[in-house]
1. Quick one: net charge around GLU222, please, counting Lys, Arg +1 and Asp, Glu -1 for every other residue with C-beta under 13 Å from its C-beta.
2. Of all the accessible heavy-atom surface of the stretch 1-93, with the other protein chains kept in place and a 1.4 Å probe, what percent is carbon and sulfur?
3. When only Cα pairs under 8 Å and 6 or more residues apart are kept, what is the percent relative contact order across the stretch 40-150?
4. Between ASP301 and GLN219, what length comes free when the chain is fully extended (0.36 nm per residue of separation minus the Cα-Cα distance, one decimal in nm)?
5. Relative contact order for the chain using alpha-carbon pairs under 8 Å, separation at least 6, rounded to a whole percent?
6. Are there any helices in the chain, counted as whole DSSP H runs, that stretch 24 Å or more along their axis by Cα and score at least -0.5 on average by Kyte-Doolittle, and if so which?
7. Excluding residues on the same chain fewer than 8 positions from LYS314, give the lysines whose Cα lies under 16 Å from its Cα.
8. Tell me, what are the semi-axes, in whole angstrom and largest first, of the equivalent ellipsoid of the chain as set by the roots of 5 times the Cα gyration tensor eigenvalues?
Amino acid sequence: MGIYSLITGRRGPSGFGSASTAEEVTKGIDATHLTAVITGGTGGIGMETARVMAKRGAHVVIGARNMGAAENAKTEIFRQNSNARVTLLYLDLSSFKSIKAFVHDFHALHLPLNLLINNAGVMFCPYQLSDDGIELQFATNHIGHFLLTNLLLDTMKTTAKTSGVEGRILNISSIAHIYTYQEGIQFDSINDISCYSDKKFYGQSKLANILHANELSRQLQEEGVNITVNSVHPGLILTNLFQHTALLMRFLKFFSFYMWKSIPQGAATTCYVALHPSLKGVTGKYFADCNEVTPTKLARDDTLAQKLWDFSVKLINSVSKKNYLGFEETS
């Protein structure tokens with residue numbers, strides 16, 4: 001799926017393309033038996049994903065940092081669909097404490113968990129550290145979702161085993177994963193302000209999303225667990241994610257309008273990979289415009305994926321002062 005397909009909306013092997021919408025790719029799908037956790041489902045493609053999932057019958061649990069925006073999103077979803085099932089829980093992905101509290105609150109609901117959509121993120125922000133002392137883009141976009149996924153994984157495994165229904169995990173990445181450092185991820189300089197580039201640090205966090213999905217997919221396949229893990233590039237959509245570069249993005253959009261998507265189009269690939277029956281058993285892949293595409297060589301590097309996994313575990317354990325992930329650290 002190249003520039004021509006993006007501009008023209010030409011459909012790929014899946015039958016869908018860049019012009020397809022989230023409602024179109026999920027038409028006729030019954031998701032009433034599914035429970036989905038969506039991070040950042042309060043606006044933009046996250047909210048559209050939550051709305052369409054709820055429209056197809058799924059019980060949607062939205063993890064949100066801004067609870068006012070979350071309430072507004074829930075009201076809008078109910079306005080369009082009075083039968084929607086939507087639960088709101090507070091979640092700040094830049095805080096380990098908040099992530100652990102979210103998981104505790106979710107478990108208290110005694111719900112199954114079929115779908116985990118790691119959608120939330122920050123982009124191109126000025127250098128700052130999270131509450132746990134980690135560069136904010138890496139902390140929010142990768143480490144937070146890495147921790148959340150692993151803390152929810154046992155629930156997903158149990159759900160998949162008892163229900164017989166395939167679980168699916170999605171990491172929302174970006175084509176920006178191509179714009180990173182030569183080695184991919186600067187493990188030794190993850191917090192180094194002297195080499196901080198808001199664009200490259202964002203790029204390495206999006207590369208990390210793909211590598212995380214690939215390595216988790218490998219591990220689950222090795223275990224024989226009925227859960228798939230994939231990553232998605234939603235496309236260029238002008239949302240609040242661009243808040244730190246809004247004027248520049250509007251300028252660029254004026255001259256490249258043919259490459260940008262609407263929010264319903266931007267949520268299509270996420271909804272397609274999460275719900276479409278044709279993707280049963282498909283795992284460890286990267287999707288754009290509702291079709292499987294090939295990411296960069298770095299994003300396909302299994303050694304780098306394993307290194308990122310080990311680094312993430314050690315970083316979380318060093319901050320938390322205890323091995324609450326339960327992983328064996330590799331030396």
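The values are calculated or read from the model by the stated rules, or taken from the named source; none is laboratory data. Quick caveat, the model's predicted, so the values are computed rather than measured. No Cβ is skipped: glycine too gets one built from the backbone with ideal geometry, and neighbour counts run over all protein chains shown. Surface accessibility is based on the protein's heavy atoms, side chains included, excluding ligands, DNA and RNA. Shrake-Rupley method; radii C 1.70, N 1.55, O 1.52, S 1.80 Å.
1. Details: positive: ARG218; negative: GLU215, GLU223, ASP302.
So the surrounding residues net to -2.
2. C and S atoms contribute 49 percent here.
3. On the way: 143 pairs, mean separation 26.6, N = 111.
Taking the mean separation of contacting Cα pairs over the length of the stretch 40-150, I get 24 percent.
4. Values: separation 82, 0.36 × 82 = 29.52 nm, distance 1.51 nm.
Roughly 28.0 nm would be gained on extension.
5. Details: 625 pairs, mean separation 69.2, N = 331.
Answer for the chain is 21 percent.
6. Helices meeting the span and hydropathy rule in the chain are 144-163, 302-320.
7. LYS322
8. Numbers: eigenvalues 139, 120, 82 Å².
Over the Cα atoms of the chain, the semi-axes work out to 26, 25, 20 Å.
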